[in-house]
Ligand SMILES: Cc1cc2nc3c(=O)[nH]c(=O)nc-3n(C[C@H](O)[C@H](O)[C@H](O)COP(=O)(O)O)c2cc1C
């Protein structure tokens, strides 16, 4: 039996009772059919295999064509996409699971290939550093985007609202706003990517406005207890940066705290992880944990042991696991039994067929003693 009881105690998120503290982190797997970017039968199987997670958060799913930055990624803006996701939610619920969809707009991290030959949009016309777009020609240079007009910013908020309505029609238990990893919401929050002079730029109050309006729009559709948001206060994806991350993300979190959200999901990788804060950078997560009084999810390089410790030390209420969930559909059962983990295959993380997607064996299919023991996953 497990030596790690905290991970396996139930926890309430809004109206949902999670049977354990393991969250499946949102992960793009780039396997949606590219005509219409619709989840298919393999997507259904992939999420059903992982239904024992306390909560599944789906891969980032675009709220509009403008929000697309990678091929083979699913959306939640067409009827066909809603119908595809409905099959996923029905099957996950039938298997006893709970599932939120991550709502995504990539902003500048896109390419004219996805935008009818037009430039991608962003808060300001600043070319992303250290980022490439994944098109049908492979990884391509990202051009300098064009700044959204004030009216267009409000139209994007409306697209998020419509996506929340679509998510409701598709049977999701809730939505997670993708406010992390250098995409549109993050581009508005951080001053390295936002040099606007209207009410969406300048002061931290103005830079937080877009994120808060998006969250508010989703709340109006679903209720606050079905809306979460993901932030990456010390992340560097796409070269995103801010002159004072602690102050910026503390302010955003103070405002979010007033809304009664389902949860705040913070990526702040543990030291040694590729997504960990750069040397000399102060962690921000502990400050946000103090500010936010609702359910708090931490993510970034956690193992069973470090997750258990974080829960016992009250650093978080829930821990999200990414790569461990790619390779271990029954991660809950493996942790419960102290069983070995399957080894993740990086070559099949993004794109391809069912191999590396829905063919990782469960303990039942391949007993633990023949699996490879792996405590720390590196990628
Ligand atoms: C293949 C892959 C795809 C990912 N896609 C997303 C995504 O769509 N949205 C998101 O917020 N994070 C995404 N991430 C980041 C993960 O959610 C998570 O933050 C990261 O893997 C660190 O957690 P881990 O160490 O438990 O894997 C992705 C990570 C991987 C490995």
Cα gyration tensor shape of the stretch 223-316, rounded if a/c is under 1.5, else prolate or oblate by comparing a/b with b/c: oblate
In what order do 90, 242 fall by count of nearby beta-carbon atoms within 10 Å, going from fewest to most? 90, 242
Along Cα→Cβ, 7 Å out, is where each label goes; now give me the distance between the ones at residue 241 and residue 216 in nm to one decimal. 3.2 nm
Can you put 92, 44, 23 in order, fewest other beta carbons within 10 Å first? 44, 92, 23
Ranked from fewest to most other Cβ atoms within 10 Å of their own Cβ, 273, 265, 355, 105 fall in the order 355, 273, 105, 265
Under Stokes-Einstein, with the Kirkwood radius over Cα pairs standing in for Rh, what whole-number D in µm²/s applies to the chain at 20 °C and 1.002 mPa s? 104 µm²/s
Tally the DSSP beta bridges in the stretch 1-142 and give the antiparallel ones as a percent, rounded to 5. 45 percent
Taking the DSSP beta bridges in the chain as the whole, what percent of them are antiparallel, to the nearest 5? 20 percent
Let me make sure I get this right: for the stretch 268-366, a, b and c are the square roots of the gyration tensor eigenvalues over alpha carbons, sorted descending. Under 1.5 in a/c it's rounded, otherwise prolate if a/b > b/c, else oblate. Which is it? prolate
Any idea how far the Cα center of the stretch 1-56 sits from the one of the stretch 71-85, in Å? 18 Å
Kindly provide the helix-only [θ] at 222 nm of the chain, computed as the sum of -39,500 (n - 2.57) over DSSP H runs of four or more divided by all residues, to the nearest 500 deg cm²/dmol? -9000 deg cm²/dmol
Rounded tilt (10° steps) of 150-169 against the dominant C-alpha axis of the chain: 30 degrees
Provide, in order from the shortest bin, the percent of all Cα-Cα pairs of the stretch 163-214 in each 10 Å bin, continuing until the bin that contains the maximum pair distance. 26, 42, 23, 10
Stretched fully, the stretch from residue 198 through residue 141 gains (0.36 nm per residue minus C-alpha distance, one decimal, in nm) 17.6 nm
Taking the stretch 26-65, the whole-percent share of alpha-carbon pairs separated by over 15 angstrom is 43 percent
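Where a number appears in this text, it was derived from the coordinates with a stated rule and is not lab data. Since we're looking at a predicted model, the values are computed, not measured. In this analysis, Cβ positions are derived from the backbone assuming ideal geometry, glycine residues included, and neighbour counts consider all displayed protein chains.
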